[in-house]
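Read the structure below first, then the notes.
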Amino acid sequence: MQPEAQPALQRIWDIVAMIPRGRVATYGHVARAAGLARGARQAGYALRVAPAELHLPWHRVLGAGGRISFPKSSPHHREQTRRLRAEGVAVRDGRADPSALMSLEEF
C-alpha cells in the first residue's frame, strides 16, 4: 500500500504542514493533533515516508522535551539545527528553546 493511501499519514502530514515558521512541536503533539493517541512513532514514520514534493517542514518536529532525535554527530542533526536556527529558534545542546514549543491543541 502506498503511504499516500493511508488517511492517518495524510492527517499527520497536514498537521506538520501547519506548524508555523519559528515554532516546533513534538512527535507526540503531532500524533495527538492528528487523532492518534500514543502515536509518536507513527508520526516519525509518516515524516520518513512523506513524498519529497510535499515540502514538509520536518525540522519543526522534535522528540520529547524539544530534543532533536537524530544522533548529534549525524548530518540530519546538523541540518535540523541549522534550519531551526535560520527560523529564529534557539537550539542548545540538541534541544530547542521551550518558548518555541507549541502543543497544537488549536489544530
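The values are calculated or read from the model by the stated rules, or taken from the named source; none is laboratory data. If you're wondering where the values come from, they're calculated on a predicted model, not measured in any experiment. All Cβ positions, glycine included, derive from the backbone under ideal geometry; neighbour counts span all protein chains shown.
Could you list all residues from segment 56-78 that are more than 17 Å from Gly22 (Cβ to Cβ) and of a type outside the set (Gly, Ala, Ser)?
Within segment 56-78, the first condition is being more than 17 Å from Gly22 (Cβ to Cβ), and the residues that meet it are 63-65, 67, 69-78.
Across segment 56-78, the qualifying residues are Arg67, Phe70, Pro71, Lys72, Pro75, His76, His77, Arg78.
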- Item | Residues satisfying the stated conditions in segment 18-58, i.e. among the hydrophobic types (A, V, I, L, M, F, W, C) and over 17 Å from Ser103 (Cβ atoms) | Ala46, Leu47, Val49, Ala50, Ala52, Leu54, Leu56, Trp58
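So that you can scan it fast, the table gives a plain yes or no per residue for (1) out of contact with any Ser or Thr (no Cβ under 9 Å at 6 or more places or on another chain); (2) more than 15 Å from Gly28 (Cβ to Cβ); (3) part of a strand (DSSP E or B):
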{"site": "Ala46", "(1), (2), (3)": "yes, no, no"}
{"site": "Leu62", "(1), (2), (3)": "no, no, yes"}
{"site": "Gly65", "(1), (2), (3)": "no, no, no"}
{"site": "Pro71", "(1), (2), (3)": "yes, yes, no"}
{"site": "His77", "(1), (2), (3)": "no, yes, no"}
{"site": "Gln80", "(1), (2), (3)": "no, yes, no"}
{"site": "Arg85", "(1), (2), (3)": "yes, yes, no"}
{"site": "Ser99", "(1), (2), (3)": "yes, yes, no"}
{"site": "Glu105", "(1), (2), (3)": "yes, no, no"}
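The rows are residues; the columns are (1) more than 20 Å from Thr81 (Cα to Cα); (2) modelled with pLDDT of 95 or more.
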| site | (1), (2) |
| --- | --- |
| Gln2 | yes, no |
| Ala5 | yes, no |
| Asp14 | yes, yes |
| Ala17 | no, yes |
| Pro20 | no, yes |
| Tyr27 | no, yes |
- Residue list for segment 21-44, filter: outside any helix (DSSP H, G or I) and either out of contact with any helix residue (DSSP H, G or I) (no Cβ under 9 Å at 6 or more places or on another chain) or in contact (Cβ under 8 Å) with a residue 40 or more places away in the chain (or both): Arg21, Gly22, Arg23, Val24, Ala25, Thr26
- Message: Show the residue pairs meeting these rules: Cβ distance below 6 Å; 6+ apart or different chains; first residue within segment 45-70 and free of Cβ contacts under 8 Å to residues at least 12 places away in the same chain; second residue surrounded by fewer than 19 Cβ atoms within 10 Å (Cβ to Cβ) and not in a loop (DSSP other than H, G, I, E, B).
- Response: Phe70/His76; Phe70/His77
- Message: Restricting to segment 4-20, give me the number of residues that are in a loop (DSSP other than H, G, I, E, B) and of a type in the set (A, V, I, L, M).
- Response: 1
- Query: Does Ser103 satisfy the condition of being among the polar types (S, T, N, Q) and at pLDDT below 95?
  - Reply: yes
- Query: When you scan segment 17-32, how many residues do you find that are out of contact with any Gly (no Cβ under 6 Å at 6 or more places or on another chain) and either surrounded by fewer than 23 Cβ atoms within 10 Å (Cβ to Cβ) or of a type in the set (D, E, K, R) (or both)?
  - Reply: 8
